[in-house]
Amino acid sequence: MPEVIFTGPAGRLEGRYHQSPEKQAPTALILHPHPQFGGTMNNPIVHALHYMFMARGFSVLRFNFRGVGRSQGLFENGAGELADAAAALDWMQGFNKESRGCWVAGVSYGAWISMQLLMRRPEIDGFFSIAPLAKHYDFSFLAPCPASGLFVTGSEDVVTPAESTDALVAKLQAQKGITITHKVMEGTGHFFTDRVEELTGICSDYLDMRLETD
């Protein structure tokens with residue numbers, strides 16, 4: 001997996017990037033969990049999603065937010081990380097000017113950042129929101145949510161209890177023009193320990209369905 005270094009708003013950002021040989025291949029950006037709680041681009045879920053997109057012909061980028069690994073800068077709890085994500089998407093799009101689609105995936109804290117990016121970048125037409133921190137962060141900016149996508153949560157998630165995510169999903173599902181799908185994995189928690197393969201399978205099935213119908 002080629003290592004890449006590209007310029008972000010606070011200095012260099014470290015990533016791993018796969019370039020599809022197809023000029024019109026869709027692109028995918030994957031955002032990792034909370035930097036102050038051990039989240040990096042090598043998180044098992046982030047890693048698995050990267051290879052899932054690769055297997056379907058996407059050009060894919062995952063990277064470390066500012067202050068993580070070899071990425072420069074300091075954690076900013078929102079605005080800075082969103083700026084990093086926007087810079088990452090810009091960098092990837094520079095190599096994929098003829099791309100026929102764009103997806104974003106976020107895990108935990110990365111889900112919050114990814115949904116903010118979704119609101120700002122109309123070229124994003126699909127998303128995965130894995131264990132979003134709906135109790136800890138405000139998602140009211142999704143008014144309305146501009147694209148259809150998938151939420152996946154664990155029934156035993158004690159970091160973000162089910163009622164918080166359920167309320168967010170219900171609000172989004174009431175919006176017209178998009179379809180919000182919510183899958184709950186029984187018997188697993190926030191980090192899907194020992195269940196990442198099953199989680200990836202759920203995401204794969206959803207992505208295949210979207211690629212066939214879009």
| remark: Within the range 108-143, restricting to residues that are part of a helix (DSSP H, G or I) and among the polar types (S, T, N, Q), the one that is farthest from the chain's Cα centre (by Cα) is Q116
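In the set T179, T160, which member is on the phi < 0 side of the Ramachandran plot and modelled with pLDDT under 95? Working first, answer last.
Numbers: T179 fails: modelled with pLDDT under 95.
Residue meeting the stated conditions: T160.
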| message | Looking at Y109 and the list (1) buried (at least 23 other Cβ atoms within 10 Å of the Cβ); (2) in contact with a Gly (Cβ under 9 Å, 6 or more places away or on another chain); (3) closer than 16 Å to Y206 by Cα, which single condition is not satisfied? | response | (3)
| Pick from the range 144-195 the residues that are in contact with a strand residue (DSSP E or B) (Cβ under 6 Å, 6 or more places away or on another chain) and assigned to a helix (DSSP H, G or I): which of them is farthest from A134 (Cα to Cα)? | Q173
| remark: Counted residues in the range 39-75 being surrounded by fewer than 19 Cβ atoms within 10 Å (Cβ to Cβ), in contact (Cβ under 8 Å) with a residue 60 or more places away in the chain and either touching a Lys or Arg at 6+ places or on another chain (Cβ under 8 Å) or among the basic types (K, R) (or both) come to 4
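Being aromatic (F, W, Y) and surrounded by fewer than 14 Cβ atoms within 10 Å (Cβ to Cβ) narrows it down to one of F151, F141, so name that one. Please lay out each step first, then the result.
Details: F151 fails: surrounded by fewer than 14 Cβ atoms within 10 Å (Cβ to Cβ).
Going through F151, F141 in turn, just one is aromatic (F, W, Y) and surrounded by fewer than 14 Cβ atoms within 10 Å (Cβ to Cβ): F141.
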| query | Looking at this structure, is T188 at pLDDT below 95, hydroxyl-bearing (S, T, Y) and either surrounded by 14 or more Cβ atoms within 10 Å (Cβ to Cβ) or touching a helix residue (DSSP H, G or I) at 6+ places or on another chain (Cβ under 7 Å) (or both)? | reply | no
| task | Give the residue that is farthest from F191 (Cα to Cα), with candidates limited to residues of the range 109-142 that are in contact with a strand residue (DSSP E or B) (Cβ under 7 Å, 6 or more places away or on another chain) and of a type in the set (S, T, N, Q). | result | S114
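Residue-wise test of (1) crowded, with 23+ Cβ neighbours inside 10 Å; (2) in contact with a Phe, Trp or Tyr (Cβ under 8 Å, 6 or more places away or on another chain); (3) more than 13 Å from N64 (Cα to Cα); (4) touching a residue at least 12 places away in the same chain (Cβ under 8 Å).
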{"position": "A83", "(1), (2), (3), (4)": "no, no, no, yes"}
{"position": "D90", "(1), (2), (3), (4)": "no, no, yes, no"}
{"position": "S99", "(1), (2), (3), (4)": "no, no, yes, yes"}
{"position": "A105", "(1), (2), (3), (4)": "yes, yes, yes, yes"}
| task | For S164, indicate whether it is hydroxyl-bearing (S, T, Y) and under 18 Å from the mean Cα position of the chain (by Cα). | result | no
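Any residue in the range 21-36 that is among the small types (G, A, S), surrounded by fewer than 19 Cβ atoms within 10 Å (Cβ to Cβ) and touching a residue at least 12 places away in the same chain (Cβ under 8 Å)? If you could, list the steps in order and put the result at the bottom.
Initially, the range 21-36 is screened for residues among the small types (G, A, S), giving 25, 28.
Applying the additional criterion that residues be surrounded by fewer than 19 Cβ atoms within 10 Å (Cβ to Cβ) yields none.
The answer is no, given that none of the residues of the range 21-36 is among the small types (G, A, S), surrounded by fewer than 19 Cβ atoms within 10 Å (Cβ to Cβ) and touching a residue at least 12 places away in the same chain (Cβ under 8 Å).
The values are calculated or read from the model by the stated rules, or taken from the named source; none is laboratory data. What you see is a predicted model, and the numbers here were worked out from it, not measured in a lab. Please note: Cβ atoms are built from the backbone with ideal geometry, for glycine as well, and neighbour counts cover all protein chains shown.
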